[in-house]
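Asks: Take this structure, written in structure tokens, and hold onto it; I'll ask about it next.
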Amino acid sequence: MAAGFRPEVRFHVAAQFSDLEYSARRKQTRRDRFLGEIDAITPWAALVEAIEPHYPKGKRGRPPIGLERMLRMYVAQQCFNLSDEGIEDAVYDSQAIRRFVGIDLSREDAPDATTLLQFRRLLERHDLTRVIFERINAHLQERGLLLREGTVVDATLIAAPPSTKNENKARDPEMHQTRKGKKRNVVTGLVHTVKGTAANVSDVSQVPDLLHGEEDSLHGDAGYIGAEKRLDGHRPETHIACKRGTVRAMPEGPARERVRAAERQKAQLRSIVEHPFHVVKNLFGYRKVRYRGLTKNTAQLHSLFALANLYRARRWGLLTQG
């Protein structure tokens with residue numbers, strides 16, 4: 001018995017030493033810093049409160065994994081654009097992700113991919129990613145970070161897989177080809193509305209669903225010409241870009257220079273819409289939709305833009321709330 005007991009003791013001591021060595025090391029990696037910022041700025045208590053009424057209570061069968069731990073694993077999955085199996089492997093491979101999720105491998109195993117899949121489906125079934133998006137925006141608005149005076153509308157293209165290797169042997173019927181847009185977003189520095197549509201839906205047709213009703217001004221590129229005609233009741237002052245070539249077609253002179261200066265000013269203001277796109281597409285790596293159907297993909301977009309709002313808000317002192 002003594003011979004069989006000694007290897008277990010040696011393994012336990014090695015695991016504990018590894019954790020202490022990781023905590024004491026001087027260099028902090030970019031992944032450490034990134035997850036540390038996400039951990040500090042996320043209002044975990046508010047998100048857990050929103051999800052808890054729908055989360056299994058464990059009255060039958062095996063007790064469920066803690067809600068905040070599953071939420072943290074889901075957040076890490078979105079930030080690194082990983083599949084369910086990918087984030088399970090990452091928990092075992094990365095000490096930084098284990099610390100973020102709250103897993104001690106010397107005492108317990110990480111939640112498996114199937115458990116995360118069930119959690120993600122629970123969020124989709126009860127529209128909880130939209131609730132997460134709203135709770136995070138409320139958190140930002142309480143701190144005066146979500147402004148509502150003006151709205152910039154824009155669309156960006158997210159590719160859909162062309163593969164037919166699925167149960168129906170067909171491409172996703174809710175995705176279509178176009179030059180513009182798989183999702184619609186409205187931002188005022190931070191995103192306040194996200195809407196998913198098929199790619200062949202025109203930009204301007206979505207304007208009524210993208211305004212929150214309190215803005216004084218509406219800004220957009222030439223794809224939103226005629227937006228004011230789509231609005232009923234609330235009509236903010238519109239600043240829509242001219243069609244390409246309009247300025248070049250004007251004769252040289254003071255009038256052309258005034259229009260050019262006005263268009264340049266519009267473009268400078270509209271550029272703010274690219275910042276959340278940059279976070280989602282370049283930092284989070286979301287360049288191709290992962291799921292079939294608009295419902296699932298729009299649910300993920302709510303999570304991604306909620307996290308993008310938090311990540312962008314970190315520069316305004318929100319880290320101290322952690």
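Asks: Just in the stretch 206-247: which trypsin sites (Lys or Arg not before Pro) are loop by DSSP and have at most 14 other Cβ atoms within 10 Å? All intermediate terms of the calculation are to be shown ahead of the outcome.
Replies: Values: sites: 229, 230, 243, 244; in loops: 243, 244.
Loop-located and lightly packed - 243, 244.
Asks: Right, here's the next one. Under the 0.36 nm per residue contour assumption, what length would be gained going from the current alpha-carbon distance of residue 258 and residue 198 to full extension?
Replies: Answer, rounded to one decimal: 17.8 nm.
Asks: Which peptide among 278-289, 216-227 comes first, and what is the full order, when sorted by highest mean count of other Cβ atoms within 10 Å?
Replies: Working: 278-289: 16.6, 216-227: 19.2.
Ranked from most to least packed, the peptides come out as 216-227, 278-289.
Asks: For residue 271 and residue 142 in the same chain, what is the full-extension length gain: residue separation times 0.36 nm, less their Cα-Cα distance, in nm? Kindly include the intermediate steps, with their values, before the conclusion.
Replies: Details: separation 129, 0.36 × 129 = 46.44 nm, distance 2.55 nm.
Answer, rounded to one decimal: 43.9 nm.
Asks: Measure off 7 Å from each Cα along the Cα-to-Cβ vector at residue 27 and residue 105, then give the distance between these two points in nanometres to one decimal.
Replies: Roughly 2.0 nm, to one decimal.
Asks: Roughly speaking, what is the stretch gain from residue 278 to residue 83, that is 0.36 nm per residue apart minus the C-alpha to C-alpha distance, in nm to one decimal?
Replies: Taking residue 278 through residue 83 to full extension adds about 68.1 nm, to one decimal.
Asks: Evaluate the distance, in nm, between pseudo-label points positioned 7 Å from the Cα of residue 68 and of residue 232 along their respective Cα→Cβ axes.
Replies: Result for the modelled spin labels: 4.6 nm.
Asks: Calculated FRET efficiency, residue 34 and residue 159, Cβ-Cβ r, R0 30 Å, to nearest 0.05?
Replies: The computed FRET efficiency comes out at 0.75.
Asks: For the pairs 266/288; 229/296; 195/266; 195/281; 195/229, flag any whose C-alpha to C-alpha distance is greater than 26 Å.
Replies: Table pairs above 26 Å Cα-Cα are 266/288; 229/296.
Each reported figure results from applying straightforward, stated rules to the coordinates on display, with no laboratory input. Remember, it's a predicted structure, so these values are computed and weren't measured experimentally. All Cβ positions, glycine included, derive from the backbone under ideal geometry; neighbour counts span all protein chains shown.
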